[in-house]
Amino acid sequence: MSYRMFHSFRAQLLFNISWVVLILVISSTWILFSTVRLQTLAGETLAGQETIDEACAALETLREPLLEYLSNRSSDALSQVLILSQSLRARLDVDSPIPLDETALRTRELHFLFHSWLDLADSAIEEKRGMDVAGYTARFDEMERIRSYISEENARLSAVRFANQQKSYSLFVSLSRNIQLLNLLFIISISAFSILLLLHVADKMNEPMANLSRMASEISAGRFDAEDVGMSSMHEIDHVVEAFNRMKRDIHTYIQEIRWQRNVEQEYMNERVRNMKMEQMMRRMELYTLQAQMNPHFLFNTLNTGIQLAIVEGAERTSEYMDHLARLFRHNLREKNVIVPLRHEIEGLESFFYILRVRFPKNLDLILDCPEELLDAHQVPASILQPLVENSVVHGFNRSEGRNSIIVRVFETPGRLALSVSDNGTGIPHEDAERLFVHPQGEDGLVKVTGLANVIHRLRFFWPDDPGVVRIASTGAPQGALPGAGYVHPAPLPEYPGAYPPLPELSPPEEGSVVFISIDTGRAACIPS
Amino acid sequence: MKKIVRAGLFLSAVCSLAPFAVSVFLLARLTGEIAGRRGIEPPAALHLALYVPRTRSSSLDALVSAARETAAAEGAALSVHSLDSDGSTLGMAQWTGAQGVIVHPDGGDRVILREMEALRKRGIPVVLVNHSIPSDLPWAFVGANNFDFGKKAGALVSREVRSDPRIVVVYSDKNPAVYSERELVEMGLSTVFSGRSAQLLPSVKTAVNPRDAENVVHELLRQRPEVNVLVFTDADDTIAGCQALIDLNLVGVVQVIGYGDSPEIRDYIRKGVLNGSLAVNPGPTGAQAVRSLIELARTGYTSSSVDTGIEILSRERTAK
């Protein structure tokens, strides 16, 4: 309770103002004291002579009635003498300590002379009463000598005292002038100190309010992560600051929750849209498959009849060719799974290669480089290699001379399965590649199920947040650039999120193009067939 | 802004405290100075009074100064008064509350003796300095023995003048202690020259003027050319007399015994103008007088005579 009272705004204000007032009172008191003291000292420097002068005057006053009494024994004169004598004795200071200073000592001697004169006067009165004429006459003579000496000594002492007073006064004037100047300086400085102290106090009391105001501005600008406002030493302001800080933290937490909920909703909506697209695509693919399977039995029976006919006629090569063709059709038409074992994909590709070798026996080299141990170890989306090879054959080789080659490689990098289809053809123009990645769908929103676009679309569908799942490197120069300038698309490749291993580097080939597929094997295993 | 206010606070605090402290110091000093001038000091145990001749000389000033210092050191207050011819000043001593009186007579022995007896009747102790007064009663005395002064002067003369010294003593109002006991001085001189062909010629006397001796010596040597020894009894007279001898070109012809121990006198001795000098140091005399009076006031007893001695400054000693 006492802590709260002491640290209340009112107590602090009272305390600080009291300090300033106290300083001003003390300084004013000092100025008053020093002024009064200087006045007292000024009086003291000129004091001392008055007492002796008064005693001299009293002695002269006393002498008349004494002389009158000694002349005619007047009782009135005697009573006057006694009264004046008593009065004069009261003024004298003969019991004071003996001073070392000679002027003071001689003043003391004067007091003793007055006292002796009064004693002699008493003796003279007694002798007058006793009719001792010679006695009081001699006594009066002695008194007159003393009176005369007192007068001379007083004149000498006055001169000495005046000289001393002059010295004292000169010193007094000099020192008092300095004291007054210093006092003026003191009062100016202490006034400045008081004003600055008030400023300091006002600043100190205003600081938490200013901090609150600044924080309110930041909060209104939406910055809730700023540091809390610091506490002051005033209870009321601390209370407001604490409430303000609590309010800021609560609002911050509330907004964070709202944002999190909105993100969750957004993700949920995205997921729903993706599912809807996937369902739409699946339906379209099923439609195409159905269209392609309109009469598969008729096609396979026809091909089998052709194979048997070729065997009968002894055309073994034709028979083998038709056998591969039948396998390829079977592979393409009967496959209903989205994700298939790598072996399955490679077997289909081998049949396709056989057909291509028959078609282009002179100017097309087809190389398949796939280690045996990978075939059963991984799964890939169905029909992703054949369209790429077909794309190279259809679009990559429009030159008449030289040998064309297509190389399909399958290899493993840490955490990924890499599949590359490279050719030494004319490459893919940059604008086409751009369009493939930016607009995989046509302007009407329909999927163009043709070659490379189909593969890119499907791979990015399965791995929407992995931009490196499919990349193209080509010698195809952008418009206006030098021929032969290579590029990698998309480039630069954003960093893959999460804890997955880094993607392998891909460099543009010297000629032709490379379509590079890098499948996250862990995530591929999670895709349902 | 905060830093400026804080710096201003510090600066104004310093600027306030400094003049305040100096102002307090000056006021305390002023109070002390004025209090000191008004005699606010520890009180003295005794009130003593010193009565000295009205005519002041350097030796007398030195005596008074030494007496003041000794009184202050002994915790006694000392008032200094000048004697007058009728003794009225000394007569007031009994009424001033003084608890002891030191008298340095300047002649007028009877008047002084009367007042001293009045003081004794009132039980106030009295000490004489430099000059004793013939009296039936014993008075405490502090000072040089003037008979001894005469003897030492004679010894110096006999050492410097081998035959027929014709001596003139130059007394002075500036040193009444010697003048008032001139008989003792001359007796001392006579004692040294008894049985020898020396003549002690009539003495001369200078006034209080410090240059008076120059004229006196001029007149003396013109009127009495047989004089071949001068004995001075005052330091100012010694210096003025030497200057007269130099002017008259009689250095070495007239032998001079000086008085005092000032740098000029030592210089004259080294140059051979002076044959020697007799120095009575007044400081110890004043100090001893105060000590004797305090002893007398406190115990009622003290030495009846304290000889403060006479120092001979010869050429050999000055050369050292």
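For B:Val127, the residues 5 or more places off, or on other chains, whose built amide H falls under 5 Å of its own are B:Val101, B:Ile102, B:Val103.
Normalised by the number of residues in chain A, the average gap of Cα pairs under 8 Å and 6 or more apart makes the relative contact order 9 percent.
Heavy-atom surface analysis with a 1.4 Å probe gives the protein assembly as shown a carbon and sulfur content of 56 percent of its accessible area.
Summary of packing: across the peptides A:267-274, A:318-325, the per-residue average of other C-beta atoms within 10 Å ranks them, highest first, as A:318-325, A:267-274. Working note: Karplus 6.51/-1.76/1.60 with θ = phi - 60° gives the stretch B:249-255 the couplings 6, 10, 5, x, 7, 9, 7 Hz, where Gly and Pro are set to x. Once backbone amide H atoms are built at 1.01 Å from N, A:Gly427 has A:Gly512, A:Ser513 as its partners under 5 Å, excluding neighbours fewer than 5 places away on the same chain. For chain B, rounded, prolate or oblate, judged on the Cα gyration tensor with a ≥ b ≥ c (square roots of eigenvalues), a/c < 1.5 rounded, else prolate if a/b > b/c? Because a/c hits 1.5 or more and a/b fails to exceed b/c, chain B counts as oblate. Between the Cα long axis of helix A:235-292 and the first principal axis of chain A there is an angle of about 10°, rounded to the nearest 10.
Pairing chains B and A buries close to 4200 square angstrom of accessible surface in total, based on protein heavy atoms and a 1.4 angstrom probe.
Note on chain B: antiparallel DSSP beta bridges, both residues inside, total approximately 10 percent of the bridges counted. The aspartates and glutamates whose alpha-carbon is closer than 12 Å to the alpha-carbon of B:Lys3, local same-chain residues fewer than 8 away aside, are A:Asp203. Counting only DSSP beta bridges with both residues in the protein assembly as shown, what percent are antiparallel, rounded to the nearest 5? Restricted to the protein assembly as shown, the bridges split so that about 45 percent are antiparallel. In Å², and per residue, what accessible area does the stretch B:186-274 have when probed at 1.4 Å with the other protein chains present? Averaged over the residues of the stretch B:186-274, the accessible area is 45 Å². Computed over the stretch A:48-157, the P(r) tail beyond 17 angstrom holds 52 percent of alpha carbon pairs. The convex hull defined by the C-alpha atoms of the stretch B:166-258 has an orientation-averaged projected area of 5.4 nm². Largest first, the three principal axis extents of the alpha carbons in the protein assembly as shown are 200, 83, 48 Å in whole numbers. Taking each DSSP H run with n ≥ 4 as -39500 (n - 2.57) and averaging over every residue of chain B yields -15500 deg cm²/dmol at 222 nm. For B:Gln255, the residues whose modelled amide H falls within less than 5 Å of its own, excluding neighbours fewer than 5 places apart on the same chain, are B:Val229, B:Leu230.
When the listed pairs B:Lys151/B:Lys205; B:Lys152/B:Lys174; B:Lys152/B:Lys271; B:Lys152/B:Lys205; B:Lys121/B:Lys174 are checked against a 25 Å cut-off, the alpha-carbon distance exceeds it for B:Lys121/B:Lys174. Three principal axis extents describe the C-alpha atoms of the stretch A:216-292; from largest down they are 85, 16, 14 Å.
Per residue of B:4-17, other chain Cβ atoms within 10 Å of the residue Cβ number 5 on average. Report the rotationally averaged projected area of the stretch A:143-184 based on its alpha-carbon convex hull, in square nanometres. In nm², the orientation-averaged hull projection of the stretch A:143-184 is 3.3.
For helix B:282-299, what angle does its Cα long axis make with the longest principal axis of chain B, in degrees from 0 to 90 and rounded to 10? Helix B:282-299 and the main axis of chain B meet at about 70 degrees.
Sorting A:368-378, B:234-244 by average packing, meaning the other beta carbons within 10 Å per residue, from highest down gives B:234-244, A:368-378. The mean number of partner chain beta-carbon atoms within 10 angstrom of a residue's beta-carbon across peptide A:56-67 is 0.
For the stretch A:329-411, treating each Cα as an identical point scatterer without solvent, what Debye log10 I(q)/I(0) comes out at q = 0.11 1/Å? Log10 of I(q)/I(0), two decimals: -0.31.
Scaled against the 2.2 N^0.38 Å expected of a compact globular protein of N residues, the Cα radius of gyration of the stretch A:371-432 reads 1.33. Applying Stokes-Einstein at 4 °C and 1.567 mPa s to the Kirkwood radius of the stretch B:116-236, computed over alpha-carbon pairs, gives a translational diffusion coefficient of 82 µm² s⁻¹. Using a 1.4 Å probe on the heavy atoms of the protein chains only, list every residue of the stretch B:48-97 that has 50 Å² or more less accessible area in the complete assembly than in its chain alone. Residues of the stretch B:48-97 that lose at least 50 Å² of accessible area once the other chains are added: B:His81, B:Met92, B:Trp95, B:Thr96.
Peptide A:145-153 has a mean of 3 when you count, residue by residue, the C-beta atoms of other protein chains within 10 Å of its C-beta. Computed over the stretch B:1-157, the P(r) tail beyond 24 angstrom holds 54 percent of alpha carbon pairs.
Return one number: the angle in degrees, 0 to 90 and rounded to the nearest 10, between the long axis of the Cα atoms of helix B:58-73 and the longest principal axis of the Cα atoms of chain B. So the inclination is approximately 40 degrees.
Pairs of Lys residues in chain A that lie 8 or more places apart, or on two chains, and have C-alpha atoms under 24 angstrom apart add up to 4.
The trypsin sites (Lys or Arg not before Pro) of the stretch B:68-124 that meet both conditions, a loop assignment by DSSP and at most 15 other Cβ atoms within 10 Å of the site Cβ, are B:Arg122. Each of the peptides A:411-417, B:43-49, A:9-15 was scored by the mean count of other Cβ atoms within 10 Å over its residues; in descending order, highest first, they stand as B:43-49, A:411-417, A:9-15.
When shorter helices are ignored and each DSSP H run of at least 4 residues is given -39500 (n - 2.57), the per-residue value for chain A at 222 nm works out to -23000 deg cm²/dmol.
The values are calculated or read from the model by the stated rules, or taken from the named source; none is laboratory data. Just so you know, these numbers come straight off a predicted model, no measurement behind them. When we count neighbours, we look across all protein chains shown, and the Cβ atoms used for this are built from the backbone with ideal geometry, even at glycine. All accessible areas refer to the heavy atoms of the entire protein, side chains included, with ligands and DNA or RNA removed. Shrake-Rupley method; radii C 1.70, N 1.55, O 1.52, S 1.80 Å.
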